[in-house]
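**Student:** Can you read through this structure? Questions will come right after.
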């Protein structure tokens with residue numbers, strides 16, 4: 001079949017079936033519809049660097065292992081795995097019923113069975129410099145430099161590590177590690193980004209970049225539900241690209257889309273009470289879903305005392321950093337500024353949703369203005385010796401937060417001003433240590449506490465170590481945790497590191513984030529985990 005004819009044919013089907021004026025045709029099918037206001041840059045897993053790409057990739061492809069709703073490691077393409085005695089080799093037994101989607105790159109247009117050499121090819125592609133994948137870092141200094149990926153036979157794959165590395169399974173669950181077909185990558189070349197061929201529950205139909213992306217049910221998908229019925233239940237997925245959040249919300253109100261991820265600040269007071277519940281006018285009309293999301297919002301403080309910016313800054317004094325932590329009423333902040341979306345970050349940097357999180361065992365900073373004022377005095381500042389101005393740098397979306405924090409801290413004796421800059425400039429300044437006090441957020445790339453604790457590892461550059469924090473004892477604990485495979489020991493190490501960070505206070509944790517979804521009432525089975533991955537295999541639509 002002439003591949004050049006495929007795209008026009010698919011686009012014709014796309015126009016005929018999904019964009020025709022006959023809404024009756026579409027209503028007879030179970031099509032899940034959502035909007036991606038930022039657009040989608042690529043459907044190539046090697047470039048799955050943000051949520052807008054990860055979500056469709058997750059529908060189109062599979063990884064060796066995956067994270068379930070309870071943040072536990074589950075089989076996917078690999079039905080089982082085992083570690084060697086020295087913990088440096090992992091052997092994966094692959095399923096024998098996983099097939100690539102039908103596509104002209106295969107003989108007779110029929111997708112072939114996935115084999116271990118496909119895993120080798122896919123993971124090798126991530127670290128291939130010519131591919132220039134933004135995910136190349138995931139294996140940095142961890143995999144064997146000579147023979148990291150090996151196909152023992154068609155059904156057995158091995159991964160070789162330089163040393164034991166406890167987060168490796170979490171890394172393999174990332175969308176970067178989705179398994180692709182060599183034939184498709186080589187045949188489509190640069191067009192592979194818009195002609196994906198995977199093994200996932202949905203297949204590619206067409207993508208009109210300023211209009212919509214259409215996926216259809218994979219009738220040969222290998223997973224069955226608990227009753228033996230083949231997944232998925234949906235007939236397809238339609239992703240629109242309305243840039244305006246106002247237009248997106250209007251489409252949701254008109255039942256033209258089934259789901260909204262996150263609430264634009266301009267709508268939160270329209271929909272939610274201060275306590276984070278649906279207002280009466282929306283009750284019964286839509287469903288509100290809230291879930292912990294592995295993202296910590298914080299204020300970062302430059303910790304490199306050799307930096308000239310800190311020479312006369314009160315931020316170089318630990319008691320001042322602690323005073324800032326004590327001086328913020330996080331409960332009030334979340335209630336008034338965020339309509340109770342999120343959890344007050346009173347227990348360290350690792351957020352709710354991680355196994356080591358325990359608010360009873362790990363105490364951070366509660367609101368205590370009396371203690372804050374005492375620390376300021378102990379640091380040498382009072383009416384006769386006023387504190388120099390501290391400048392907080394933030395971005396436009398968080399300008400209101402900056403103003404709130406300034407007013408809060410003013411009450412206890414701080415002199416803080418806010419400067420609002422574009423996100424790209426702030427990230428550049430953070431990377432170059434050109435800003436001493438900044439608003440930041442850290443979202444988990446994979447479900448392991450190391451993701452968050454690496455932010456303070458002294459040997460890490462910026463990113464992730466934007467504060468340039470360095471503590472030798474912390475670094476020793478971090479390195480020990482990287483190679484520890486016993487969960488209970490790892491968790492204790494994580495908590496010890498958290499205690500050090502809480503005491504040194506290179507950050508002011510503000511809140512642990514929460515994913516919030518608005519869902520039409522005719523949608524069922526939409527579940528999520530703390531990574532906020534859009535999981536549509538079990539979704540049904542009435």
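The values are calculated or read from the model by the stated rules, or taken from the named source; none is laboratory data. Keep in mind that this is a model prediction, so the values were computed, not measured. Glycine gets a Cβ as well: all are built from the backbone with ideal geometry, and neighbour counts include every protein chain shown.
To keep it simple, each residue is scored yes or no on (1) crowded, with 20+ Cβ neighbours inside 10 Å; (2) more than 29 Å from residue 120 (Cβ to Cβ).
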position: 165; (1), (2): yes, no
position: 172; (1), (2): yes, no
position: 180; (1), (2): yes, no
position: 183; (1), (2): no, no
position: 190; (1), (2): no, no
position: 196; (1), (2): yes, no
position: 200; (1), (2): yes, no
position: 231; (1), (2): no, no
position: 236; (1), (2): yes, yes
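**Student:** Let me ask something else. Does region 399-406 contain any residue that is within 30 Å of residue 166 (Cβ to Cβ), surrounded by fewer than 21 Cβ atoms within 10 Å (Cβ to Cβ) and in contact with a strand residue (DSSP E or B) (Cβ under 6 Å, 6 or more places away or on another chain)? Even if it seems obvious, please write down each step before you answer.
**Tutor:** To start, the set of residues in region 399-406 that are within 30 Å of residue 166 (Cβ to Cβ) comprises none.
Scanning region 399-406, I find no residue that is within 30 Å of residue 166 (Cβ to Cβ), surrounded by fewer than 21 Cβ atoms within 10 Å (Cβ to Cβ) and in contact with a strand residue (DSSP E or B) (Cβ under 6 Å, 6 or more places away or on another chain), so the answer is no.
**Student:** So which of 219, 196 ends up being under 18 Å from residue 55 (Cβ atoms) and in a loop (DSSP other than H, G, I, E, B)?
**Tutor:** Numbers: 219 fails: under 18 Å from residue 55 (Cβ atoms).
The conditions single out 196.
**Student:** Between residues in region 49-70 that are at positive phi and residues that are assigned to a helix (DSSP H, G or I), which pairs lie under 7 Å by C-beta distance while being six or more apart or on different chains?
**Tutor:** none
**Student:** Condition test on residue 236, is it under 25 Å from the mean Cα position of the chain (by Cα) and in the same structural domain as residue 56 (by TED's automatic domain parsing)? Steps first, please.
**Tutor:** Details: under 25 Å from the mean Cα position of the chain (by Cα): yes; in the same structural domain as residue 56 (by TED's automatic domain parsing): yes.
Taking the combined requirement at face value, the residue satisfies it.
**Student:** Next question. Return the residue satisfying two criteria in turn: it lies in region 405-424 and is touching a helix residue (DSSP H, G or I) at 6+ places or on another chain (Cβ under 6 Å) and outside any loop (DSSP other than H, G, I, E, B), and of such residues it is farthest from residue 376 (Cα to Cα).
**Tutor:** Pass one, region 405-424, residues touching a helix residue (DSSP H, G or I) at 6+ places or on another chain (Cβ under 6 Å): 412-413, 416, 418, 420.
Add one more test, that the residue is outside any loop (DSSP other than H, G, I, E, B), and what stays is 416, 418, 420.
On the way: 416: 14, 418: 20, 420: 26 Å.
It comes out as 420.
**Student:** Just give me the residues in region 462-485 being part of a loop (DSSP other than H, G, I, E, B) and touching a helix residue (DSSP H, G or I) at 6+ places or on another chain (Cβ under 8 Å), in sequence order.
**Tutor:** At the first step, the residues of region 462-485 found to be part of a loop (DSSP other than H, G, I, E, B) are 462-471, 484-485.
Residues satisfying the conditions are 462, 463, 464, 465, 466, 467, 469, 471, 484.
**Student:** Moving on to the next point. Is it the case that some residue within region 98-113 is surrounded by 15 or more Cβ atoms within 10 Å (Cβ to Cβ), under 22 Å from residue 165 (Cβ atoms) and in the same structural domain as residue 44 (by TED's automatic domain parsing)?
**Tutor:** Looking for residues that are surrounded by 15 or more Cβ atoms within 10 Å (Cβ to Cβ), under 22 Å from residue 165 (Cβ atoms) and in the same structural domain as residue 44 (by TED's automatic domain parsing), one finds none in region 98-113, hence no.
**Student:** Can you tell me which residue is surrounded by the fewest Cβ atoms within 10 Å (Cβ to Cβ) among those in region 451-461 that are at pLDDT 95 or above and either touching a strand residue (DSSP E or B) at 6+ places or on another chain (Cβ under 8 Å) or not in a loop (DSSP other than H, G, I, E, B) (or both)?
**Tutor:** 454
Rundown of residues vs (1) touching a strand residue (DSSP E or B) at 6+ places or on another chain (Cβ under 6 Å); (2) in a helix (DSSP H, G or I); (3) outside the structural domain of residue 54 (by TED's automatic domain parsing), yes/no style:
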residue: 126; (1), (2), (3): no, yes, no
residue: 130; (1), (2), (3): no, no, no
residue: 160; (1), (2), (3): yes, no, no
residue: 163; (1), (2), (3): no, no, no
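**Student:** Hey, can you tell me all the residues within region 69-95 that are out of contact with any helix residue (DSSP H, G or I) (no Cβ under 9 Å at 6 or more places or on another chain), in a loop (DSSP other than H, G, I, E, B) and surrounded by 13 or more Cβ atoms within 10 Å (Cβ to Cβ)?
**Tutor:** So in region 69-95, the residues out of contact with any helix residue (DSSP H, G or I) (no Cβ under 9 Å at 6 or more places or on another chain) come out as 69-72, 74-76, 79-80, 82-86, 88-89, 91, 93, 95.
Filter once more, so that each one left must be in a loop (DSSP other than H, G, I, E, B): 69-72, 76, 84-86, 88, 95.
Scanning region 69-95 gives 69, 71, 76, 84, 88, 95.
**Student:** Additional query: On the basis of being in a helix (DSSP H, G or I) and either over 16 Å from residue 498 (Cα atoms) or modelled with pLDDT under 95 (or both), does residue 371 make the cut? Give the steps one after another, and end with the answer.
**Tutor:** Numbers: in a helix (DSSP H, G or I): yes; either over 16 Å from residue 498 (Cα atoms) or modelled with pLDDT under 95 (or both): yes.
Yes: the conditions hold for residue 371.
**Student:** Same structure, new question: Looking at (1) more than 26 Å from residue 168 (Cβ to Cβ); (2) at pLDDT below 95; (3) buried (at least 17 other Cβ atoms within 10 Å of the Cβ), which is the only condition residue 27 fails?
**Tutor:** Just one mismatch for residue 27, condition (3).
For every residue, the table says whether it meets (1) under 22 Å from residue 265 (Cα atoms); (2) in contact with a strand residue (DSSP E or B) (Cβ under 7 Å, 6 or more places away or on another chain); (3) not assigned by TED's automatic domain parsing to the domain that holds residue 465.
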position	(1), (2), (3)
366	no, no, no
374	no, no, no
387	no, no, no
391	no, yes, no
419	yes, yes, no
423	yes, no, no
440	yes, yes, no
443	yes, yes, no
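**Student:** Among the residues of region 175-193, which ones are part of a helix (DSSP H, G or I) and either within 16 Å of residue 218 (Cα to Cα) or in contact (Cβ under 8 Å) with a residue 40 or more places away in the chain (or both)?
**Tutor:** Looking only at region 175-193, we keep the residues that are part of a helix (DSSP H, G or I), and these are 175-177, 182-193.
Listed by number, the residues that qualify are 175, 176, 177, 182, 183, 184, 185, 187, 188, 192, 193.
**Student:** Can you name the residue in region 274-332 that is without any contact (Cβ under 8 Å) to a residue 60 or more places away in the chain and assigned to a strand (DSSP E or B) and, of all such residues, is surrounded by the fewest Cβ atoms within 10 Å (Cβ to Cβ)?
**Tutor:** Across region 274-332, the extreme among qualifying residues is 283.
**Student:** Moving to a separate point now. Of the numbered conditions (1) exposed (fewer than 13 other Cβ atoms within 10 Å of the Cβ); (2) modelled with pLDDT of 95 or more, residue 269 fails exactly one; give the number of that condition.
**Tutor:** Failed condition: (2).
**Student:** Of (1) over 26 Å from residue 483 (Cβ atoms); (2) touching a strand residue (DSSP E or B) at 6+ places or on another chain (Cβ under 8 Å); (3) surrounded by 19 or more Cβ atoms within 10 Å (Cβ to Cβ), residue 118 satisfies all except one. Which?
**Tutor:** Every listed condition holds for residue 118 apart from (2).
**Student:** If residue 282 passes every condition in (1) closer than 22 Å to residue 335 by Cβ; (2) in contact with a strand residue (DSSP E or B) (Cβ under 6 Å, 6 or more places away or on another chain) but one, which one does it miss?
**Tutor:** (2)
**Student:** Which of the residues belonging to region 486-500 are more than 23 Å from the chain's Cα centre (by Cα) and in a helix (DSSP H, G or I)?
**Tutor:** Looking only at region 486-500, we keep the residues that are more than 23 Å from the chain's Cα centre (by Cα), and these are 486, 488-489, 492-493, 496, 499-500.
Hits for region 486-500 are 488, 489, 492, 493, 496, 499, 500.
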